[in-house]
Amino acid sequence: MDSLKDPALARLLDRLHRQSDDQLEAMRPYYAERERRKAPPTAEEAAGIKAFLSDKLVALDRDKAAFCYQLCRAMNARRIVEVGTSCGVSTLYLAAALRDNLHAGAGGGSVIGTEYEPGKAAAARRHFAEAGLGAFIELREGDLRETLRHIEGPVDFMLVDIWIPMTRPALELVAPHLRPGAIVVCDNTEQYRQAYADYFAFINDPAHGFRTMTLPFAGGLEFSVRC
Ligand SMILES: C[S@@+](CC[C@H](N)C(=O)[O-])C[C@H]1O[C@@H](n2cnc3c(N)ncnc32)[C@H](O)[C@@H]1O
């Protein structure tokens with residue numbers, strides 16, 4: 001079974017990727033300003049940034065999302081954690097992989113998604129229902145530093161696709177539940193290498209038992225294995 005070949009799911013994903021691509025075009029000045037800025041934003045600026053981003057999908061690129069589907073199929077992933085979910089594009093790939101894995105064997109599983117923007121979470125739920133994948137997804141609404149406090153492990157696969165300052169707190173919460181051989185994928189680690197310093201400090205600490213490499217997708221895609 002290969003859900004990504006399902007014409008209805010393919011059409012939905014195509015529509016959402018196009019919506020995200022169109023928004024990214026309009027977001028170029030925002031990213032240019034972010035690259036230029038040296039000082040961290042003030043509280044007022046941070047609130048403005050959050051409001052600006054509150055309706056942007058910022059979906060994972062198609063090839064990266066399809067790669068995550070492929071990895072989850074290869075490892076027969078049953079417990080998957082995604083930070084963050086936005087309107088659910090990458091979640092659809094992960095849930096499709098889970099459904100296909102379950103179709104091929106016994107047992108259960110779930111994709112845990114995380115999103116703190118209520119409008120995005122509502123849109124994500126609509127997309128999950130439209131794809132018929134809602135039963136495979138547990139969307140945890142709120143700040144991930146709260147919503148990921150309780151995880152029923154062992155976790156097979158984790159996707160980290162969230163604002164960079166949240167990447168290390170998320171990994172710290174999920175890492176104790178990763179099974180040996182679990183995979184953690186994190187987006188844009190080459191493009192924003194310096195901003196990811198905290199994340200890499202955690203990944204590269206021998207006490208945490210990861211092997212990691214940056215794959216040559218656009219912006220770099222970090223591929224870490226719990227050894
Ligand atoms: C890059 S987008 C995720 C895109 C998604 N993976 C996809 O492919 O469609 C990051 C998301 O993380 C959410 N987010 C940021 N900080 C968060 C936090 N502390 N807790 C929960 N969600 C958060 C943002 O609202 C945003 O929607």
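The values are calculated or read from the model by the stated rules, or taken from the named source; none is laboratory data. Every value quoted in this text rests on a predicted model; they were computed, and no experiment measured them. So basically every Cβ, Gly included, is an ideal-geometry build from the backbone, and we count neighbours across all protein chains shown. Just so you know, the surface numbers come from the protein's heavy atoms only, side chains and all, with ligands and any DNA or RNA stripped out. Shrake-Rupley method; radii C 1.70, N 1.55, O 1.52, S 1.80 Å.
Summary of computed values
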| quantity | calculated |
| --- | --- |
| Output for the stretch 183-216, where each listed residue is more than 16 Å from the chain's Cα centre (by Cα), among the aromatic types (Phe, Trp, Tyr) and in a helix (DSSP H, G or I) | Phe200, Phe202 |
| Output for the stretch 40-55, where each listed residue is assigned to a helix (DSSP H, G or I) and among the charged types (D, E, K, R) | Glu44, Glu45, Lys50 |
| Residue check for Ala59: under 21 Å from Gln194 (Cα atoms) and among the small types (Gly, Ala, Ser) | no |
| Only one of Phe52, Phe128, Phe136 that is in contact with a Ser or Thr (Cβ under 9 Å, 6 or more places away or on another chain) and open to solvent by 20 Å² or more (accessible area, probe 1.4 Å) | Phe136 |
| Tally, over the stretch 58-67, of residues that are open to solvent by less than 10 Å² (accessible area, probe 1.4 Å) and out of contact with any Leu (no Cβ under 6 Å at 6 or more places or on another chain) | 2 |
| Residue within the stretch 118-130 that is over 22 Å from Leu53 (Cβ atoms) and of a type outside the set (Ser, Thr, Tyr) present | yes |
| Per-region count, the stretch 11-49, residues open to solvent by less than 60 Å² (accessible area, probe 1.4 Å) and under 18 Å from Arg126 (Cβ atoms) | 6 |
| Top-ranked residue in the stretch 74-105 [being more than 8 Å from the ligand (Cβ to nearest atom) and polar (S, T, N, Q); ranked as least open to solvent (accessible area, probe 1.4 Å)] | Asn101 |
| Number of the exception - Glu152 against (1) in contact (Cβ under 8 Å) with a residue 12 or more places away in the chain; (2) farther than 29 Å from Asp2 by Cβ | (2) |
| Condition check for Ile137: of a type in the set (A, V, I, L, M, F, W, C), away from the ligand (no atom under 15 Å from the Cβ), in contact (Cβ under 8 Å) with a residue 24 or more places away in the chain and touching a strand residue (DSSP E or B) at 6+ places or on another chain (Cβ under 6 Å) | no |
